[in-house]
Every structure is written in structure tokens, then in C-alpha cells.
1. Heavy atoms only, 1.4 Å probe, whole protein assembly: order HIS250, HIS291, HIS347 by accessible area, highest first.
2. Between region 120-159 and region 345-398, what is the C-alpha centre distance in whole Å?
3. Could you sort TYR380, TYR300, TYR136, TYR359 by their accessible area in this structure, using a 1.4 Å probe and putting the largest first?
4. What is the spin-label model distance, in nm, from LYS185 to SER389 if the labels are put 7 Å beyond Cα along the C-beta direction?
5. Short version: ³J(HN,Hα) in whole Hz for each residue of region 130-137, in order, from phi by Karplus 6.51 cos²θ - 1.76 cosθ + 1.60 (θ = phi - 60°), x for Gly and Pro, what are they?
6. If each of ASP361 and LYS177 carries a label point 7 Å out from its Cα toward its Cβ, how far apart are those two points in nm?
7. Could you give each residue of region 398-407 its phi-based ³J(HN,Hα) in whole Hz, using Karplus coefficients 6.51, -1.76, 1.60 with θ = phi - 60°, and x for Gly or Pro?
8. For region 88-190, what is the convex hull volume of its Cα atoms per residue in Å³?
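The values are calculated or read from the model by the stated rules, or taken from the named source; none is laboratory data. Computed from a predicted structure; not experimentally measured. Note: ideal-geometry Cβ built from the backbone for every residue, glycine included; neighbour counts use all protein chains shown. Surface accessibility is based on the protein's heavy atoms, side chains included, excluding ligands, DNA and RNA. Shrake-Rupley method; radii C 1.70, N 1.55, O 1.52, S 1.80 Å.
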Amino acid sequence: MSLQRRFIPFLIVFLLSFPCYYGLQGNPPYDYLDDAYGYASSQAYDKWPWRKFGSKIMGSKRIGEVGRSLASVTTVNVNDYGAKGDGSDATEAFKKAWEAACSSQGSVLVVPKNNYLLKPITFEGPCKSSITVQIYGTLQASTDRSAYSNDLTRWLVFENVQNLAVQGGGTINGNGKIWWENSCKVDDDLSCKDAPTALTFYNCKNLVVKNLKIENAQQIHVSFEKCVGVQASGLTVTAPGDSPNTDGIHVTDTQNIQISSSVIGTGDDCISIVSGTQNLQATGITCGPGHGISIGSLGYGNSEALVSDITVNGATLSGTTNGVRIKTWPGGSGSASNIKFQNIEMHDVDNPIIINQKYCDDDKPCESESQAVQVQNVLYQNIKGTSSSSEAIQLDCSSKFPCQGIVLQDIDIETGGGKAATAVCSDAKVTEKGDVSPSCT
């Protein structure tokens with residue numbers, strides 16, 4: 001009896017603490033902020049300060065750490081800094097809100113579900129700690145072209161920020177029509193001028209961009225420049241098919257980037273990958289309208305270009321002017337190597353598989369040059385569908401620097417009418433595996 005009296009209180013304490021412990025296991029700290037901190041599946045955040053407060057929380061010391069971390073979260077609302085959310089100019093309010101968030105510990109910058117007009121603005125780091133920008137509302141670009149007089153090339157910029165997430169399901173609208181109407185691609189009588197990229201990430205490290213709608217950019221929609229450790233997912237990028245130079249996602253001088261589960265339809269490349277890009281993976285991409293998924297152009301103006309370790313695995317392209325493309329200018333140098341295009345469906349695509357080492361987009365013809373960007377070790381695997389042109393495969397390589405190590409494996413592309421398509425392959429060393437139609441041989 002004495003033993004029971006001593007044991008029963010212990011049992012009660014144990015049973016009461018048991019669900020509390022597993023509540024922490026199933027719903028670790030920060031789960032109530034999952035809408036803002038959706039990092040569980042993101043390798044980019046493995047080194048973030050709060051990762052140690054994940055699901056394996058054990059002991060009073062760890063729980064104490066969690067409490068201190070939770071207490072340090074700072075929520076910054078742009079409305080509290082003067083933004084009205086009625087479509088009026090909110091640029092200064094956003095600047096002040098960013099300064100407050102950037103200088104705080106573990107902050108969340110909240111853009112409520114309203115309409116905010118912004119002139120060109122740079123959200124610059126480094127910041128004191130990790131930071132999340134939670135966009136619920138709509139950011140509208142100023143249509144006053146004179147507002148961009150200091151820099152015609154960029155509208156919204158995140159620069160020199162580490163451990164950054166930009167997300168929330170909101171919309172970024174570049175209001176690009178006024179720029180398209182004044183483009184030399186639309187009116188031959190106009191001189192060619194720069195136009196802003198809607199959303200630029202420059203020199204950012206450990207970056208997540210997800211669950212956003214980016215539309216009607218002045219020119220490029222989203223650009224990753226000199227970044228390391230990027231995860232871009234759940235993006236919807238749209239503009240009219242005839243809008244000039246409106247690339248969906250542009251990647252340059254960036255390493256270790258994943259682009260996934262995104263729908264892109266614009267007037268230019270759905271994804272454009274240019275020099276300095278290394279270790280890029282794109283999966284679950286829906287593309288069209290647009291110019292397809294492109295590596296390049298590379299080597300413009302006799303420049304050196306280096307692109308390597310690129311994988312596009314799982315994509316559907318519909319009604320695009322190209323499918324998967326590599327394009328290099330005559331006279332360039334360097335290489336595009338270790339590239340995989342896998343598990344891709346084509347629907348009424350004009351040039352499903354194309355390598356063009358003689359790319360030229362100048363007003364006057366490009367002269368033949370003695371050097372070229374070397375294209376090597378490229379795999380095309382399990383690509384099927386229809387071509388709107390008779391030539392489904394075009395490998396137009398340099399006679400001086402032939403394409404090396406090109407593998408076509410399990411290819412089945414026919415014309416829209418069910419007729420056999422053709423392949424034109426020049427100066428390319430091609431190996432075919434499995435059933436390949438059309439064939440280079």
C-alpha cells in the first residue's frame with residue numbers, strides 16, 4: 001500500500017508529461033508560423049539558427065532554447081510603417097519596414113492582402129539574422145517610366161541577403177505593357193533600350209522563393225544572379241506570348257539551385273540558364289507559351305562562358321517555339337557540359353530538341369569565327385510528343401568545335417499529323433540508345 005502511494009503520483013506526472021513531450025515532437029516550435037516558415041523540406045535552411053529547434057527536442061535545456069528563440073521572433077507589418085494598401089505609392093513605407101525587419105532577430109516582414117504600388121526599390125542586406133518576406137497581397141510596379149531613371153534594369157531587388165525566404169501566395173505584377181509597347185522588338189522604328197527585371201535576387205545565399213505569382217514583367221520576371229543555395233518552387237509566371245524578352249526564370253552566375261513545381265508561360269524562355277550557372281536542377285516544370293527551356297545564349301561578343309551540371313527532369317512543354325535548347329554565339333569560348341534533359345513531354349513544339357552553335361540575334365549577320373563554346377556530354381532521355389515542324393531534332397554544331405558526347409535515348413517525337421519527323425545533325429558526335437525516332441543516323 002505504501003508502495004502504491006509512492007508510485008501513483010509518479011505515474012500521474014509521467015502520463016501528464018507524456019503528451020506534452022510528443023506534442024512538441026509532432027508540432028515543434030515555429031509550426032504555428034508554418035505559413036511564414038515553411039522550411040521543413042528545404043536543405044537551404046539546414047544551417048539556419050532555428051534548425052536545432054526542430055522535431056528532436058529533448059531536455060529542459062533544449063526547451064529553454066526554444067522559448068528564447070520564439071521570444072526573439074519579430075513581425076513587421078508594412079501597414080504599420082505607412083503603407084495604405086489602396087494602390088497608392090508605398091515605396092517609402094516598404095523601405096522603413098525592411099530596415100526594421102533587417103535589423104531585427106529572426107524577423108517576418110508581412111505584406112497583407114491589399115494592393116501596394118512600388119517604385120524601384122532595393123531590399124539590401126546583410127541583415128542581423130534570417131528573414132522571411134511573407135507576401136499575401138499584390139505588389140504593383142509603377143507605370144511611370146521616369147521613376148526608373150536611376151536604373152532601367154531592375155524593379156524589386158533583394159541584394160546581399162543570407163537566409164532569406166520570399167513567399168506567401170501573393171502576386172508581383174510588373175505592369176509591363178507600357179514597356180512592351182516601347183520595345184524595339186515590337187516597333188522596328190524604336191531604338192533598343194533596357195527594361196526592368198521584375199524581381200531580382202543578387203548575391204543571396206540560402207534562399208527560398210516559393211508560392212508566388214509573378215506576372216506581366218517589364219522584361220525578365222525573376223532573375224537569380226550570383227546566388228548560392230536556392231530553392232524556387234510553386235511559382236506561377238505569366239505574360240502574353242507576344243510580350244518581348246519576358247523570360248520567366250533567368251539564372252546567371254548561380255550555383256546549387258533547384259527549380260520545381262512551377263508553371264511558366266511568357267513571351268520568351270520559360271527558363272534561361274546562362275554563364276556561371278552550375279549544379280541546377282529543374283523538376284516538375286510546365287512551360288508554354290514561350291521559347292522553351294534554354295541554356296544560353298552563351299559566348300556573346302567573343303566572351304567566355306561556363307555552364308555545367310544542369311538537369312531538367314520532368315517537364316511538359318506546349319505550343320512553344322523551342323523545346324529544350326542550347327544556343328551559343330559564334331566566336332565565344334568556354335563550355336556547356338554535363339547536361340541532362342529527361343522525362344519531357346512535348347505538345348505541338350516547333351523545335352523540340354535543338355543545339356545551335358551558330359546562334360545570332362544581331363541586326364546584321366554574324367561572321368564565322370575560329371572558336372566556339374564547346375558543347376559536350378549532353379543526355380536527351382525519354383522525350384516524347386509532337387513537333388509542329390518537320391525537323392524534331394536539330395543539332396547544328398560548330399565544324400571547328402563539334403558537339404561531343406551527345407546521347408539520344410528513348411526518343412519518340414512525331415509531327416502533329418502523326419507523320420514521321422526528321423533529325424538534322426551536323427558536326428555532332430551522337431550515340432543513340434533504345435528506340436530513337438527520329439534518328440540522326
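1. Working: HIS250 30, HIS291 55, HIS347 80 Å².
Sorted by accessible area, descending: HIS347, HIS291, HIS250.
2. Centre-to-centre distance over Cα atoms comes out at 36 Å.
3. Numbers: TYR380 0, TYR300 135, TYR136 85, TYR359 45 Å².
Accessible-area ranking of TYR380, TYR300, TYR136, TYR359, largest first: TYR300, TYR136, TYR359, TYR380.
4. 1.7
5. 4, 8, 10, 10, 9, 9, 9, x
6. Distance between the two pseudo-spin positions: 2.5 nm.
7. 7, 5, 8, 10, x, 5, 10, x, 8, 10
8. On the way: hull volume 11.3 nm³, N = 103.
Here the figure is 110 Å³ per residue.
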